[in-house]
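For reference, the structure is listed below as structure tokens.
The values are calculated or read from the model by the stated rules, or taken from the named source; none is laboratory data. Since the structure is predicted, the reported quantities are computational estimates derived from the model, not experimental observations. We place every Cβ from the backbone using ideal geometry, glycine too, and count neighbours over all the protein chains shown.
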Amino acid sequence: MTMMVVGAIITGALLGYWLLPAEMMGYLDTATTLALCVMLVGVGIDLGSQRQTWARLRALGWKVFLVPVLVAAGSLAGAVAGGLILGMPVNESSAIGAGFGWYSLSGVLLAKIYNVETGALAFLTNVSRELIAFVLIPVLAVRAGKLVAVSPGGATTMDTTLPLIARTTDADTTVIAVVNGTILSALVPFLVPLLINL
């Protein structure tokens, strides 16, 4: 998955720089909106199909919901702190952090409702978060505890980083990871526009 992400970015940049005719630029907005809608439908289908996961969740209890709350709070606090160090406005840094690793959605949202530069920064920041998560998850699972290993993945713990979490932790942590990723993914379309407009 990591190689696919990097390969897609490089391919897109090369196509945009050398091959895409100027008259096609007007269609990119429609194409990204359509792709975004298809992606959101896919997330909804994936959530609805997790029947065994939801049964296991009921057995774990309500405390499982503290994980996404704390991951969201930490992500936003870290993004704002990093933004202040770099001299960024709080609304931009917090909105970028509110992508929680979902680079395709947060980047497109910010490009559409704010500006392309911030959208590109959100995309790169959240891609970097996912790539770093692939490195950190196995290390954290061994050195800091299984539950801590869920946090770097953010919203990706329901999809791309889930297999790695499942391999390096246990069944309960895997269920918590799905809940964490599901809730954070659901928050992204609401938090990003809300924070950028502060």
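Is it the case, given these coordinates, that residue 71 is modelled with pLDDT of 75 or more and either over 14 Å from the mean Cα position of the chain (by Cα) or among the hydrophobic types (A, V, I, L, M, F, W, C) (or both)? Spelling it out, residue 71 is indeed modelled with pLDDT of 75 or more and either over 14 Å from the mean Cα position of the chain (by Cα) or among the hydrophobic types (A, V, I, L, M, F, W, C) (or both). Selection of the stretch 127-179 for residues being outside any helix (DSSP H, G or I) and of a type outside the set (A, V, I, L, M, F, W, C) yields 145, 146, 159, 160, 161, 169, 170. Considering only residues that are part of a helix (DSSP H, G or I) and modelled with pLDDT under 75, look in the stretch 1-22 and name the one that is nearest to residue 172 (Cα to Cα). Out of the qualifying residues, it is 2. Quick check on my filter: what residues within the stretch 56-68 are modelled with pLDDT of 85 or more and surrounded by 13 or more Cβ atoms within 10 Å (Cβ to Cβ)? Of everything in the stretch 56-68, those that are modelled with pLDDT of 85 or more and surrounded by 13 or more Cβ atoms within 10 Å (Cβ to Cβ) turn out to be 64, 65, 67, 68. Taken over the stretch 112-154, the criterion of being surrounded by fewer than 21 Cβ atoms within 10 Å (Cβ to Cβ) and either in contact (Cβ under 8 Å) with a residue 40 or more places away in the chain or under 12 Å from the mean Cα position of the chain (by Cα) (or both) is satisfied by 112, 113, 114, 124, 125, 127, 128, 131, 134, 147. Taking the numbered list (1) at negative phi; (2) at pLDDT 95 or above; (3) surrounded by fewer than 17 Cβ atoms within 10 Å (Cβ to Cβ) in turn, residue 95 passes all entries but (3).
Flag set for residue 188, criterion: among the β-branched types (Val, Ile, Thr), touching a Phe, Trp or Tyr at 6+ places or on another chain (Cβ under 7 Å), in a helix (DSSP H, G or I) and touching a residue at least 24 places away in the same chain (Cβ under 8 Å).
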